[in-house]
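The values are calculated or read from the model by the stated rules, or taken from the named source; none is laboratory data. Because the structure is a prediction, the values reported are computed rather than measured. Cβ: placed from backbone, ideal geometry, glycine included. Neighbour counts: every protein chain shown.
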Amino acid sequence: MQALHCLLAGFGLFVPIAASNASPTAFQEASKLESQEAEPTRTLQVEPSELTLEVGESAKISAQALGADGSPEDAELMFFSRSRRELTVGREDGVVTGLKPGTYEVIIRERRNEAGENQEGRAGVNARLSGTVQVTVKALPLERIEMIVPAAGLWAGTSAMFEAMGVDAEGGIREELRPSWTSSDPAVASFDSYGELTLHAPGTFTATVEAEGKTARRELTVEANPIERIEIVSDLAAPRTGDVIHLEISAYDAAGALVPAVPVDVSFRARTDDTLGAGASGQIEPIPGAPRGWRFVAEQPGRYTFVATSGDTVGRTTVAATARDVQGKFTFVGHAPVRDTHTSDLWVWEGTDGRDYAVTGTWGANGDAHFWDVTDPANMVRIATVNIDARTVNDVKVSADGKTCVLSREGASNRKNGIVIVDVTDPRNPEVRSGFDDELTGGVHNVFIDDGKVYALSAGARYDAIDISDPVAPTRVGSYKVDAPSPSIHDVWVEDGLAYSSNWSDGVHIVDVGNGMAGGSPSNPVKVSSYAYPSGWNHAAFPFRQESGRFYVAAGDEAFPLGLNLTGKPTYPRGWIHFIDFTDLENPRENARYQVPEAGTHNIWVDGDVMYVAYYNAGLRAVDVSGELMGNLYDQGREIAWYLPDDPEGYISNAPMAWGPQPHKGHVFFSDWNSGLWAMKLER
């Protein structure tokens, strides 16, 4: 059976849902029956079934809903693609424009109906009409090819990486070339198939690169290598696993003078303490902007010898890395179960009366937001429920003064959605003060409150700044939208006047909304910096600064390549946390990750040197993020503790799906999609 595709708006992701080949259980039989009952009797006619475009060319995809008898019927359809940097797609008219060569998919899907159906419910997912069109964007003919020669010069006994740049007939850069490289004198220099040149001896030669019938040549000279001695100095004599070691390389000629220009390559040899079958032991790389600087991180305890070479000259030094030894544990404190529906996000705060409270949303249900007294985390008590016109209350936030709560709305019966403002001065008697839905009819997936403003996502297209200083009469004062083809935003977090938005394939954007560094304000948001990573899964972002002055953003993925199971059996997401160094805002760099195998991340919170991650099916995680970060933190002994929130009576039983963490007054609270609100204590 072919995979069914569905757009799950409550999570904001397009995911494939595959049919199972396992032996049927009671749950699977029930799910099969529900699926059969919800089997759509209508069809979607899409033309063309495939589309081929040149770069910059546009074409229209047409779609028509057909009733059970084959007759045309009215239906609101939307067109979109996950390849937002490669195609632009008119959401309403289906006009597609090719931006980058490759093969992509455009999805056509029926919008949810007036009653808010077809958003998250099982029947809605199956009943919505859906179709796809494969779009191939052809590359323009290659006009010329250019050879990029390393600026450091060519020295015998070293190697150098050459690159080829293709330019098409309209002056555009061709990024995906398959060039071939040759040297006129392999005794002097020889290429491998990837463009790396090994320099064997002093002399001259001609380098040639060819692709698609276009050729470039350069006459080049290899100089004699003057290096006679190499020294390596490590800034750490006794590192722990996960500590980043900086290596300074010094090269000298026969007269003892420094030789700064000639390349020196650095590698390492590991003798780890692991006797169980050692895996990868470490990672080494040159430091950008530091010609003689390298950095290294050990994943396992043991001795590491660094070897620097240039020509026939070799230098060595050895360090011993010990175990990081930061392990602790999460101690269970309390559980406030929600078992009749899925739970979404949470927010914990100190009320105006000095007691501690929490609010949790619900997902794919009837619009409930639950309020809890969590003063005693071992005995959390539900004290109130506010019901709003929505299927999903995906996000909940409370103002810093503890007086105002904002609820997001998706799947409202009148399709106006927007936000709801609630007075929580007395959390036992929350009072809805107003709503705001102007130009927010597509649904608000996430919100954030900062300095009297609510930053609310509008149908995933932008975020608006809404002034709630008068909670009865909120007003929009500004808006920010990513300047990119078919932009899509999932989340926004505001801190110190900077807004950090997560924009799927467009990555993390940092925007001045009052910090002043770029003259921005809520009414005049100004982009400061951005960074996008290849997977395009950017779902959440949390900024943190270290005492050293290093400034990171932890950027989380969200992906469901194996499908999202709404009932009956667990879900197995994928993804990890990316650590982006924004210390130099003009040159952000992704340096590290935290990746738990065969699991997927959701929301993040960094408190001091500890990062808390709601890692969906891997539960709640605590990670040491002190010091410079490099490599995969999971492999370096930086994980402090983890906890799986099993609940045999959960909405889906014994299926951990941690949604959002928040440390508060010595405890760590988190919500779980299948089981409600939890409270833990991190013991170290």
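Scanning the range 164-203 for residues that are in a loop (DSSP other than H, G, I, E, B) and in contact with a Phe, Trp or Tyr (Cβ under 6 Å, 6 or more places away or on another chain) yields a count of 4. Considering the range 614-627, and only residues there that are touching a Pro at 6+ places or on another chain (Cβ under 7 Å) and either part of a loop (DSSP other than H, G, I, E, B) or of a type in the set (A, V, I, L, M, F, W, C) (or both), the residue that is nearest to GLY666 (Cα to Cα) turns out to be LEU620.
On the given criteria, is LEU620 at pLDDT 95 or above and farther than 20 Å from HIS490 by Cα? Considered against the rule, which asks whether it is at pLDDT 95 or above and farther than 20 Å from HIS490 by Cα, LEU620 comes out as yes. Does the range 204-223 include one or more residues that are part of a strand (DSSP E or B), without any contact (Cβ under 8 Å) to a residue 24 or more places away in the chain and in contact with an Asp or Glu (Cβ under 6 Å, 6 or more places away or on another chain)? Scanning the range 204-223, I find at least one residue that is part of a strand (DSSP E or B), without any contact (Cβ under 8 Å) to a residue 24 or more places away in the chain and in contact with an Asp or Glu (Cβ under 6 Å, 6 or more places away or on another chain), so the answer is yes.
In the range 544-564, the condition of being surrounded by 19 or more Cβ atoms within 10 Å (Cβ to Cβ), β-branched (Val, Ile, Thr) and touching a residue at least 60 places away in the same chain (Cβ under 8 Å) is met by no residue. Which one is modelled with the highest pLDDT, of the residues in the range 454-470 that are crowded, with 18+ Cβ neighbours inside 10 Å and part of a loop (DSSP other than H, G, I, E, B)? That would be ILE468. Checking each residue of the range 380-398 against the condition of being modelled with pLDDT of 95 or more and either closer than 15 Å to VAL668 by Cα or outside the structural domain of THR441 (by TED's automatic domain parsing) (or both) gives at least one match. Of the set (1) in contact with a Leu (Cβ under 9 Å, 6 or more places away or on another chain); (2) of a type in the set (Gly, Ala, Ser); (3) surrounded by fewer than 23 Cβ atoms within 10 Å (Cβ to Cβ), all apply to GLY516 but (1).
May I ask you to list the residues in the range 549-562 that are of a type outside the set (A, V, I, L, M) and either touching a Ser or Thr at 6+ places or on another chain (Cβ under 9 Å) or under 14 Å from ASP584 (Cβ atoms) (or both)? Passing the criteria: GLY549, ARG550, PHE551, TYR552, GLY556, ASP557, GLU558, PHE560. If the condition is being under 11 Å from the mean Cα position of the chain (by Cα) and either part of a loop (DSSP other than H, G, I, E, B) or over 12 Å from HIS602 (Cα atoms) (or both), then the range 527-552 contributes TYR531, ALA532, TYR533, PRO534, SER535, GLY536, TRP537.
Scanning the range 292-306 for residues that are within 31 Å of the chain's Cα centre (by Cα) and in a loop (DSSP other than H, G, I, E, B), we see that the one that is surrounded by the most Cβ atoms within 10 Å (Cβ to Cβ) is GLU299. When ASP438 is tested against the conditions (1) surrounded by fewer than 24 Cβ atoms within 10 Å (Cβ to Cβ); (2) free of Cβ contacts under 8 Å to residues at least 40 places away in the same chain; (3) in a strand (DSSP E or B), the lone failure is (3).
Of everything in the range 395-411 that is surrounded by fewer than 23 Cβ atoms within 10 Å (Cβ to Cβ) and small (Gly, Ala, Ser), the residue that is nearest to SER344 (Cα to Cα) is SER399. Scanning the range 668-684 for residues that are of a type outside the set (D, E, K, R) and crowded, with 21+ Cβ neighbours inside 10 Å returns VAL668, PHE669, PHE670, SER671, TRP673, ASN674, SER675, GLY676, LEU677, TRP678, ALA679, MET680.
One residue stands out among those in the range 505-526 that are among the small types (Gly, Ala, Ser) and outside any strand (DSSP E or B): the one that is farthest from PRO588 (Cα to Cα), which is SER523.
Might you let me know whether the range 263-278 holds any residue that is closer than 17 Å to SER159 by Cβ, part of a loop (DSSP other than H, G, I, E, B) and within 33 Å of the chain's Cα centre (by Cα)? For the range 263-278, residues closer than 17 Å to SER159 by Cβ, part of a loop (DSSP other than H, G, I, E, B) and within 33 Å of the chain's Cα centre (by Cα): absent. For the range 71-87, a tally of residues being modelled with pLDDT under 85 and closer than 14 Å to VAL137 by Cβ returns 2. Against the numbered list (1) more than 28 Å from the chain's Cα centre (by Cα); (2) more than 19 Å from HIS667 (Cβ to Cβ); (3) not in a loop (DSSP other than H, G, I, E, B); (4) not small (Gly, Ala, Ser), TRP372 comes up short only at (2).
Residues that are surrounded by fewer than 16 Cβ atoms within 10 Å (Cβ to Cβ), at pLDDT 95 or above and β-branched (Val, Ile, Thr) were ranked within the range 162-216; the one that is farthest from the chain's Cα centre (by Cα) is THR204.
In the range 375-411, the residue that is nearest to MET680 (Cα to Cα) out of those that are in a strand (DSSP E or B) and in contact with an Asp or Glu (Cβ under 6 Å, 6 or more places away or on another chain) is VAL381. Across the range 242-255, which residue is surrounded by the fewest Cβ atoms within 10 Å (Cβ to Cβ) among those that are in a loop (DSSP other than H, G, I, E, B) and touching a residue at least 12 places away in the same chain (Cβ under 8 Å)? Of everything passing the filter in the range 242-255, ALA254 is surrounded by the fewest Cβ atoms within 10 Å (Cβ to Cβ). For the range 471-490, the set of residues classified as modelled with pLDDT under 95 and buried (at least 18 other Cβ atoms within 10 Å of the Cβ) consists of VAL482, PRO485, SER486, PRO487, SER488, ILE489, HIS490, listed by residue number. Within the range 350-381, being closer than 14 Å to VAL333 by Cβ and among the small types (Gly, Ala, Ser) holds for ALA358, ALA378.
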